[in-house]
1. Looking at the stretch A:253-268 only, could you name the residues that are within 16 Å of A:Ser226 (Cβ to Cβ) and among the polar types (S, T, N, Q)?
2. Answer yes or no as to whether B:Arg357 is out of contact with any strand residue (DSSP E or B) (no Cβ under 6 Å at 6 or more places or on another chain), surrounded by 21 or more Cβ atoms within 10 Å (Cβ to Cβ), more than 12 Å from chain A (Cβ to nearest Cβ) and not aliphatic (A, V, I, L, M).
3. From the list A:Ala240, A:Ala308, pick out the single residue that is buried (at least 18 other Cβ atoms within 10 Å of the Cβ) and away from every other protein chain (no Cβ under 14 Å).
4. Return the total of residues in the stretch A:151-166 being part of a strand (DSSP E or B) and in contact with a Pro (Cβ under 9 Å, 6 or more places away or on another chain).
5. Can you go through B:Ala301, B:Ala230, B:Ala291, B:Ala237 and tell me which one is without any contact (Cβ under 8 Å) to a residue 12 or more places away in the chain, farther than 29 Å from B:Ser447 by Cα and buried (at least 17 other Cβ atoms within 10 Å of the Cβ)?
6. Residues being surrounded by 14 or more Cβ atoms within 10 Å (Cβ to Cβ), part of a helix (DSSP H, G or I) and at pLDDT below 95: count how many of those fall in the stretch B:249-278.
7. Exactly one condition in (1) of a type in the set (S, T, N, Q); (2) within 27 Å of B:Arg196 (Cβ to Cβ); (3) in contact with a strand residue (DSSP E or B) (Cβ under 8 Å, 6 or more places away or on another chain) is false for B:Thr25; which is it?
8. Taking B:Arg381 and the conditions (1) without any contact (Cβ under 8 Å) to a residue 12 or more places away in the chain; (2) within 14 Å of another protein chain (Cβ to nearest Cβ); (3) basic (Lys, Arg), which numbered condition does it fall short on, given that it satisfies the others?
Amino acid sequence: MVGARKPEAVGGVGDSVRTVVGLEIHVQLGTLTKLFCGCEVRTDAPPNSCVCEVCLGHPGSLPMLNREALELSIRAGLALNCEIAPVTRWDRKSYFYPDLPKSYQISQFDHPVAENGFFEFEVGGETKRVRIRRAHLEEDAGKNVHDTPGCTLVDLNRAGTPLLEIVTEPDIETPEAAYAFCTELQRLMVHLGISEASMQKGQMRFEPNVNVVITRDGVEYKTPISEVKNINSFRFVRDAIAFETSRQTDAWEADNGYVLGEKPNENRGWNSDRGVSDFQRSKEGAEDYRYFPDPDLLPIEIPSNVVARFRDDLPELPVAMRKRFLVEYGLSASDAETIVSCRATAALFERVVSLGAAADVCGKQFVNVWASLANARDVTIGELGVSAERIAELVTITVGGMINKSAVSKIAEAMVDGDASPTALAETMGLLQVRDTGATEAWVDKALSQNEEAVGEAISVSKKAKAATGFLRGQIMKLSEGKADPKMVGEVLEGKLRELRGE
Amino acid sequence: MSIPETAYELAAVVREQGVRAVDATRQCLDRIVALDGELHCFLHVCGEYAIARATEIDRAVDAGHDPGRLTGVPIAIKDNICTTSSPTTCGSKMLAGFVSGYDAHVVECLEREGAIVLGKTNLDEFSMGSSAENSAFGPTCNPWDTSRVPGGSSGGSAAAVAARMVYAALGSDTGGSIRQPAAYCGVVGVKPSYGRVSRRGLVSYGSSLDQVGPITRNVRDAALFLQVIAGNDDRDATCDRRAVPDYINNLTCEVSSLRIGVCQELLGDGLDSQVREAVRHATSQFVDAGATMVSVTLPHAKYATACYYLIATAEASSNLARFTGVHYGNRSANSETIEELHENARGELLGNEVKRRILLGTYALSSGYYDQYYRKAAKVRTLITQDFEKAFENADVVITPVAPTTAFPIGDKVNDPLAMYLSDVYTISANLAGVCAASIPCGFDTSGLPIGLQLTAPAYCEQSLLAIAQTYESHTDHHLQTPPLIGTS
């Protein structure tokens, strides 16, 4: 962590420094086309190839709303426990910049699609609640490209991409809580299919608004608010808040006049290389965006029955699902997190368990076996083409002792490559464990006769007995080429050793 | 066979091979060549394109196809409506030479029905004006008296139709820009109800007020053109989805049950006595034909001009913000920074009236002034709309002048913006209320200048509006008069 301030840095009894953070988050909605035209949303296309007269802002062109973007934003609003506006409206936000071809952004000012919600997440084993002030839809701008010396080029492929801007109340108090909030919000967006929410592709961007409340000799001092712009990593969000806490406290220590209302709020940029935020501009004489209702678009009524239907359609959310997986299936916290991180995977897991597979073993196999097969192929477990029934059967033959751990991965891989059942594969691949008492006894006898010294130690009352027994067990498994059932081997071996001890 | 005088008749005979589209087109192009040096109706004439289109249409007719309801009809398009066949300049240096990558919805509709676009007509820059003098490319002259303005902003379109250079032209009307020039030029102009015609491809001035409409030689042709351009368009969210009635075959009305609304408060100060007399006479003609005259009141009409110059300019300040010289159109040389690029392009390439309205609108939307100006204007707009709703409870149509005077001399009002703004005092309310209105010729003043009669009907009542207009026209011959200059051509 960068620059976190230790509490003892401030002297005096009852003195304290409290960080106050609100977040603005831009989430790129996962629609195929742009918010107000039919152009494809793509991040990998050549510059200015996904454009039309509407997103280029050519004279006479008019916006038409992409209904899917509105639906996704309603779903997101509901998942954030927001009230959905019965009537939502479009406003123009005016400013001049080369990547904004109309010189205004179509956004939502005083009638956002969702307001007054909250979002719960866990940090340090505790459940925290952050209030959501609002969530509104808007179009993204294009990109200014500065990689040609002496000129700036503008790429408008991104112009018109649908964004959901989520604004929280200033309810976050630590860098860690902000980190956890952002992580959980990203999981939520992916889980609901609202966004791919890839940080690398810039599909989720964070802007923490940070200030500190310093209590000194019973008096509270609030520093001016810094908005750290456009952060695309959870870690940088955490680091930026920690840094700002420290920077603002130092600034106040150096000059007690550094307080909200006296000194202007400011925009800052996070420099991850140096681990500091850089001053961008003062918000003194804030820019006037001259918001007014966009006359090219009609207000949209969102009927309460539609909201009710969307609410009913809302799936179980990741936080609740993880908790349930811990309790209901006895999974470890990390296994539950891995499985729940993909909604389709979680659904498949539940289907497999519903078929009678033991949940704990199934969970392990999902995390240790199936996930790695899926990752190697860049698909989800469900997309591997293995039915829930076959996955369940693999769990069952594992639990039943028909195969051992190392056989599980081999069989699973073969299941991906073909349609055979795991039992049949275990047979044809010679991986079935032998549960025949006679064969097991023969391997045990052979091992005992070949390792007299170890046998001697095993039946003695020395410290070496346990190790020697383990060694013998290994030798027996080796003789059986892994086919012996370890449990049965243990039982037979114990019996023989007891006999030799004369018990 | 001689070439007919109206679009309706021309399309019929071209379809029956009685007249060739090429001949009708040539005749119009010849008239443009003969007269446009003097009148300056056109900013761009696409003669070759028109002849090629006409040839294609004749060929289609010969092959037994029906090219549509406007087969072979030569038309013109106001130069703020996008066309791929000619530049779209909006009468501004900012867009000099700019060619749109797509055709406006209305242009697609007209061409699909066999109309032939001859060129783009002059206008006040970005439609901001009432005289066509604010064009960066010089004014248009009124064919009835070339020392006078044709009205505006669709001055080029109205003058071209009056001078018989085309059979019809598209105009756009934000505060009277179709009706006032139609009145000044003695032709028919219709401003459809807001949402009746798609705005896709109409370069926005005041988006909540703008409508495209036809300027024609008579009411039947206006009905024909409106029929073709009206209706839903999935590329304009403000376009209405309801079906378009059959205007052309329903141009008669039962005069005995017709209630003509007259608004006394609009016939007072500032109205030229000859115009007042012409409107009074037109009203009495309706009454003589059997209609009932009723008195209506539009108590908030006196605030319409003030309301309009807040709403239209607010929207314009935002709509015209895209003209920065960065992405298309023209830019000024010698700009070092992006701010300079913006400032120089807008400073050098936009005209004074456009700058004036951008400044007014920016002010009206500014933080701290929004409630006082824009929001208040929006409330007044609602009151004006309600005035019309009440008036139409008792009247089928409201009769008013189109403009307080006939066409004024070129240069008369260029230095007095307020006087210029007042020439739209009768037309602005219809845009604010979203209702439909037409301007039809109702006489001439003693100088021989045409006078227009405005008929205003409820929103989406174009069918009855046109039928009432047709009824009046059938009792008069004002629309058959042509400017003296045509005879000399």
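1. A:Asn265, A:Asn267
2. In short, yes.
3. Among A:Ala240, A:Ala308, only A:Ala240 is buried (at least 18 other Cβ atoms within 10 Å of the Cβ) and away from every other protein chain (no Cβ under 14 Å).
4. 5
5. Every option except B:Ala237 fails the conditions.
6. Result for the stretch B:249-278: 2.
7. All conditions are met except number (2).
8. (1)
The values are calculated or read from the model by the stated rules, or taken from the named source; none is laboratory data. Just so we're clear, the structure is a prediction, and the values are computed from it rather than from any experiment. Glycine gets a Cβ as well: all are built from the backbone with ideal geometry, and neighbour counts include every protein chain shown.
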